Structure formats: C-alpha cells, structure tokens
Amino acid sequence: MKKILSFSGSNSTKSINHKLASFAASQIVGHDIEIIKLADYVLPLYSEDIQNERGFPIDLNLLYNKIKEADALIISVNEHNGMISAFFKNILDWLSRLDRKFLEGKKILLMSTSSGKRGGAGALEYMKYILPKFGAIIVESFSIPSFALNFSEDSQSISDEILSLGFIDVVQNFTHQIAHECVQ
C-alpha cells in the first residue's frame with residue numbers, strides 16, 4: 001500500500017480543482033490517501049529577505065514533511081491568466097528554497113480544470129515543464145474543460161462519456177505505476 005497526498009494549487013474555498021483532486025483520490029482504492037488544502041499552510045509572499053531574517057516558516061516545514069512522507073501525489077492546478085496561480089507559485093518558491101529537489105522520485109498524477117474550454121491547459125503545460133526540475137516524475141496528466149458542463153457534483157462523476165473513459169484510464173495507469181514501484 002502506497003501513501004498518496006492529494007491537493008490543488010488553489011486557495012479558493014470553492015475550488016473546482018480541489019473538487020477534481022478529491023474526486024481523483026476517491027477513485028483510488030487499496031492505498032492510503034490524504035487530501036489536504038494548501039490554504040491551511042500560511043506562507044508569506046516569498047522574499048529572500050524574509051527567508052534570511054526569519055528563516056523558513058513552520059507551516060512550510062509541515063507541508064514539506066507531508067510531501068516527503070508521501071510515495072505519490074495527485075495535484076490539480078488552477079489557472080490564472082494562462083499560468084498557475086500566484087498562490088501556488090509562492091508555495092513552489094518556498095518549497096524549492098527549502099529543498100531544490102523536494103519532489104525527488106515522487107510519482108505525480110497532474111490534472112487541471114477550469115470553467116473554460118481549455119481546462120487550464122496553460123497551467124498544466126507549465127507544471128509538466130517545471131515539476132521535473134524539482135525531481136518529480138509525471139506519470140499521467142489530465143484536463144477537464146468546462147468543469148460545470150462536464151462534471152456532476154451531485155453524482156460526483158464526470159458526465160461526458162469520453163472524458164470519463166479517459167479519466168478512468170489515466171487513474172488506472174497512475175495506480176498501476178505506483179503499485180509496481182514495490183516490485184521493481
């Protein structure tokens with residue numbers, strides 16, 4: 001059994017990316033899954049001056065330890081103006097200052113969604129590029145465009161059949177990849 005940490009890059013209390021990360025986590029059985037909200041970890045806007053004067057925030061160390069304890073991560077990133085949110089970028093900045101390879105060897109299911117037709121594609125592509133620099137292994141990625149049209153919050157399911165089949169395939173492959181880590 002693997003330990004999986006699931007979260008979104010959003011600090012919104014109504015985050016559709018948190019809903020997507022939680023939904024993905026609910027589809028995985030046989031593993032220890034923890035869903036967190038990054039907004040629970042209070043970090044000031046990164047500044048070298050703050051780091052030098054005050055050191056690393058306690059919440060940063062708490063988050064870092066959660067990530068280190070996990071075997072794999074489910075991350076759903078939100079998009080602001082074609083890029084990840086400033087909130088999530090700030091968290092990545094702090095984590096990478098504490099340990100440049102804070103994701104070393106972590107297998108990642110990377111996702112995004114938005115209310116628009118691109119489904120957060122800009123943020124997703126940026127994360128595919130940046131996370132390996134921190135040591136991550138992107139096992140799978142998935143995007144849901146037009147979240148309100150393609151996801152039923154009532155039934156907690158992807159309502160578009162093609163998207164649903166793609167999502168099932170991605171989650172199964174991710175689960176297979178992390179499960180076979182033990183055997184290798």
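The values are calculated or read from the model by the stated rules, or taken from the named source; none is laboratory data. These numbers were taken from a predicted model, which means no experiment stands behind them. Every residue, glycine as well, gets a Cβ built from its backbone with ideal geometry; the counts of neighbours run over all protein chains shown.
In the set S47, S12, S26, which member is under 17 Å from I84 (Cα atoms), more than 13 Å from the chain's Cα centre (by Cα) and of a type outside the set (A, V, I, L, M, F, W, C)?
S12
Among the residues of the stretch 111-149, which ones are assigned to a helix (DSSP H, G or I) and more than 30 Å from K101 (Cβ to Cβ)?
F147, A148, L149
Please find, among S164, S143, S152, the residue that is farther than 30 Å from Q51 by Cα and loosely packed, with under 13 Cβ neighbours inside 10 Å.
Testing whether each residue is farther than 30 Å from Q51 by Cα and loosely packed, with under 13 Cβ neighbours inside 10 Å leaves just S152.
Does the stretch 150-164 contain at least one residue that is in contact (Cβ under 8 Å) with a residue 24 or more places away in the chain and either within 20 Å of I4 (Cα to Cα) or in a helix (DSSP H, G or I) (or both)?
no
How many residues are at pLDDT 95 or above, polar (S, T, N, Q) and not in a helix (DSSP H, G or I) when one looks only at the stretch 81-96?
1
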